[in-house]
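Please read the structure below before turning to the comments.
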Amino acid sequence: MKKKIITSAFSNLYTDQRIEKVCRTLHENGYEVELIGNDWKGSENMERPYSFSRIHLTSKSLKTAYFEFNWKLYHELKRRADRNTILHANDVDALFSNYLIAKKLNIPLVFDSHEIFSEMPAIQGKMSQKLWRYIERKIIPQLQWMITASGSYAAWFRKKYGINPVVVQNAPRKLDFTTEIPENSPRIFLYQGAINPFRGIDKAIMAMHHLEGVILKIAGDGPRKKEYEELVLKEKLQAKVQFLGKLKPEDLRKVTVTADIGMSIEENGGESYLYSLPNKVLDCIQARVPMILAALPEMLNIKNQFDIGEIIENHRPENIAAAVKKVLDKGRKNYQEELEKASKVLCWENEEIKLLQVFQKASSATGFRQ
């Protein structure tokens, strides 16, 4: 009988593809999975083959929501966990409660760091950054089991805290690509993901002044959406830029495969962005869509292995436009051979093997270094 796994995250769970893939893999491999999120920013209806629940939050600000969630999560874990449980905490904002219960019961704790939480742009220079750094510093060096989303993240945690995380990239499942590549007119230039700062979205909008016969589609939602919508109006680019809003993962995949070119041109907004491997890169690879990429370590690493697009020279709009033109001139069909190779390597079927090995080892141990 395999142990029960309680997975928790500060997330409404609806669009979190990494957590969905992880829980589904564990469920399909015989673990009893209980997923706990919250209803911060919505609680859309979901169907999953495993148990899930959302903690109700009454907080009006994100700062207090973190505290409320961890307090309620602690009591939820205390009620549900026993000596036959593995706790699985996603990111630092769910780690503290899991740590306390794992210590109390002396049970395994697997920590999954999707990013370097304490170095995210949104908290840099704020008091909350000191708190998250403190939690990292006190807990991470004690952990026995940790996974993270990129090789560069793993190197950062190894250097900072002396832990050696297993890299489980957030790759999608293999897509059996039989779609006829469309002949779009105008050509479709796609951004997908959160509309946050340091994603290069505003620079891509400005690049549209230098592109003809191309439309920029922005799929997603986030704190900068209104600002970027106003930028489009100010620059009179309404005919060249469309906002598609937040899409279900399955609907987003249908949009991705129609694009002529994707983008992942994150700026260096701190170490969490610098060392990231954005989901959109791996999603576009499975959809066989070439991309323009920022010259950041993980994207350079993929580009050096597979010719899946072009690296932008810098974030000046004219240089972004030049990279877009280069990919479009070459044509999506001419990238297919390299995208096909990349899709066979960078897929969830390869990543979940490493994930299962971690949980298999954690099943016969505690969550802390002796």
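Structural remarks
- Placing +1 on the Cβ of every Lys and Arg and -1 on the Cβ of every Asp and Glu, with nothing else charged, gives the chain a dipole about its Cα centre of roughly 1260 debye.
- Here the scattering of region 11-81 is modelled by Debye summation over its C-alpha atoms, one equal scatterer each and no solvent; at q = 0.11 Å⁻¹ the log10 of I(q)/I(0) is -0.29.
- Treating r as the C-beta distance of Glu229 and Trp71 and R0 as 41 Å, the FRET efficiency rounds to 0.65.
- Note on the chain: dipole from Cβ charges, positive end direction compared against Asn164, His75, Tyr335; the farthest Cα belongs to His75.
- Applying both filters, DSSP loop and at most 12 other Cβ atoms within 10 Å, to the trypsin sites (Lys or Arg not before Pro) of region 74-151 gives Arg83, Lys126.
- Those GluC sites (Glu not before Pro) in region 119-189 that DSSP places in a loop and that have at most 12 other beta carbons within 10 Å: Glu180, Glu183
- Under 5 Å from the amide H of Arg54 lie the amide H atoms of Gly37, each residue being 5 or more positions distant or on a separate chain, with H modelled from the backbone and absent for Pro and chain starts.
- Listed residues Ile188, Ile123, Ile36, most fluctuating in the chain (Gaussian network, C-alpha, under 10 Å): Ile123
- Expected 222 nm ellipticity per residue - DSSP helices of 4 or more, -39500 (n - 2.57), all of the chain, to 500: -12500 deg cm²/dmol
- For the chain: relative contact order, % (alpha-carbon pairs under 8 angstrom, 6 or more apart): 17 percent
- Stokes-Einstein D (µm²/s) once Rh is taken as the Kirkwood radius of region 249-328 over alpha-carbon pairs, at 25 °C in 0.890 mPa s: 191 µm²/s
- For q = 0.10 Å⁻¹, Debye-computed log10 I/I(0) when each Cα of the chain counts as one equal scatterer: -0.64
- Selection among Met46, Leu346, Ser364 by position relative to the dipole of the chain gives Ser364 as farthest towards the positive end (Cβ unit charges, Cα centre).
- The listed peptides 280-287, 313-320, ordered by packing as a protection proxy, come out as 280-287, 313-320 (highest mean of other Cβ atoms within 10 Å first).
- Per principal axis, descending, Cα span of region 41-186 in whole Å: 58, 39, 36
- Here, region 187-345 yields an orientationally averaged convex hull projection of 8.4 nm² when only Cα atoms define the hull.
- The charge dipole of region 20-128, taken about the Cα centre with unit charges on the Cβ atoms of Lys, Arg (+1) and Asp, Glu (-1), comes to about 440 debye, rounded to the nearest 20.
- A simple rule links phi to the HN-Hα coupling: the Karplus curve 6.51 cos²θ - 1.76 cosθ + 1.60 with θ = phi - 60°, which for region 261-267 gives 7, x, 9, 9, 10, 3, 8 Hz, with x for Gly and Pro.
Every read-out reported here was derived from the displayed coordinates using simple, explicitly stated rules and does not represent laboratory data. Source: prediction; values computed, not measured. Quick reminder, even Gly has a Cβ in these numbers, built from the backbone with ideal geometry, and neighbours come from all protein chains shown.
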